[in-house]
1. Can you name every residue in region 120-176 that is more than 12 Å from the chain's Cα centre (by Cα), of a type outside the set (A, V, I, L, M) and closer than 30 Å to Phe96 by Cβ?
2. Given the criteria within 19 Å of Cys34 (Cα to Cα) and charged (D, E, K, R), does Arg153 qualify?
3. List pairs: first residue in region 117-129 and of a type in the set (S, T, N, Q), second residue surrounded by fewer than 16 Cβ atoms within 10 Å (Cβ to Cβ) anywhere in the structure, Cβ distance under 6 angstrom, at least six positions apart or on different chains.
4. Can you tell me which of (1) within 30 Å of Arg126 (Cβ to Cβ); (2) open to solvent by 20 Å² or more (accessible area, probe 1.4 Å) is the one Ala23 doesn't meet?
5. Which members of region 94-108 meet the condition of being more than 6 Å from ligand 2 (Cβ to nearest atom) and open to solvent by less than 70 Å² (accessible area, probe 1.4 Å)?
6. Looking at Lys147 and the list (1) touching a Phe, Trp or Tyr at 6+ places or on another chain (Cβ under 9 Å); (2) within 16 Å of ligand 2 (Cβ to nearest atom), which single condition is not satisfied?
7. Scan region 69-93 for residues that are away from ligand 2 (no atom under 13 Å from the Cβ) and surrounded by 15 or more Cβ atoms within 10 Å (Cβ to Cβ) and report the count.
8. Go through region 1-100 and tell me which strands (runs of 3 or more DSSP E), entirely inside it, have 3 or more residues that are modelled with pLDDT under 95 and farther than 28 Å from Ala225 by Cα.
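The values are calculated or read from the model by the stated rules, or taken from the named source; none is laboratory data. Since this is a predicted model, take the numbers as computed values, not measurements. Backbone-built Cβ (ideal geometry, glycine too); neighbour counts: all protein chains shown. Just the protein is used for accessible areas: all its heavy atoms, side chains included, with ligands, DNA and RNA removed. Shrake-Rupley method; radii C 1.70, N 1.55, O 1.52, S 1.80 Å.
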Amino acid sequence: VKQVTVISGKGGTGKTSLVASLARLAAPLVTADCDVDAANLALLLPGLDGVHAPFYSGRQASIDPRLCQGCGLCQQACRFRAVAVEGAGPARLNPFACEGCGACVLVCPEQALELVEKLVGVWTVRPAETGPLVHAMLGVAQDNSGKLVSRVREEAARAARAEGLELVLIDGPPGIGCPVQAAVGGVDLVLAVTEPTSSGEHDLSRVLDLARQSRIPAAVVINKADLDPQARQRIESLAAEAGAPVLGRLPFDREVPLALARGELPLAVPAMAGRIERIWAAVQDLLVSDPGPAEAPAVVAGTSQIR
Ligand code: SF4
Ligand code: SF4
């Protein structure tokens, strides 16, 4: 099973709509939305409702009010102000502040406290029109998004094996932090979607650095490429220095947001369709040629450039 992760460093570059378009061209395949804080790929790839499963990670305190005598020792022991005793009532827990350290459990003379597994999110596998789509939703104010991303990828790989599919296309989270590293680790190709702006340039630099450090081949797509020719040139130079071929340059087209508002993909826009098809063909070429780590000389800047 080949795995391709599409990332952008920043939001709003058109990454998810490109993922959905590539998925339509590559179908049948498994798609995985690893932006667990704000998953939206399912909006672009309609399908039936799927199987939902809880995701537990870490632990937090749980108070049995029947045993609590309100002595306040747990409140004194908690460095995170997550548990408090007010009046004569039993201790009350603020689950958003609890770090699961267990100090309160140790000091409670009534054994009214215990550490329990923490429900931090839900993951889902649903039959989309392009094949199984795995996505997840991290709970409000929960951390451990990297672990939930890993679970999404595990379930995506499992779905691919179960259905005999050869490609997992991953819609990565924004940034370059823990969730992104969980989304790119061990994949065959990182496809970075950027735009010719200062922030696009800056974030592409960080994304390509991440791919290089992870020893994963990278390629670039420049969206809204005609908005600023000078910035585009700087991005192309950046990609060339990193040994990441530019697989496509998509123009700015007002028809794209209008198509998305109608629930259609950029593929439905005539100015985009051929360009996206060529990007998909170039991705396939890279996967077949297995170019190796990003630093390897086999990946030569510009060899897969498409106009
Ligand atoms: S230490 Fe135990 S008994 Fe005392 S207030 Fe906390 S939970 Fe209640
Ligand atoms: S587990 Fe730790 S952080 Fe949570 S309430 Fe107890 S002492 Fe506070």
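1. Matches in region 120-176: Gly121, Trp123, Thr124, Arg126, Gly139, Gln142, Asp143, Asn144, Glu154, Glu155.
2. Details: within 19 Å of Cys34 (Cα to Cα): yes; charged (D, E, K, R): yes.
Judged against the criteria, Arg153 is a match.
3. Once the first residue is of a type in the set (S, T, N, Q) and sits in region 117-129, its partners that are surrounded by fewer than 16 Cβ atoms within 10 Å (Cβ to Cβ) give Thr124/His52.
4. (2)
5. Asn94, Pro95, Ala97, Val105, Val107, Cys108
6. It is condition (2) that Lys147 fails.
7. So the answer is 3.
8. Values: elements: 2-7, 30-33, 51-63.
Of the strands (runs of 3 or more DSSP E) lying wholly inside region 1-100, those with at least 3 residues that are modelled with pLDDT under 95 and farther than 28 Å from Ala225 by Cα span 51-63.
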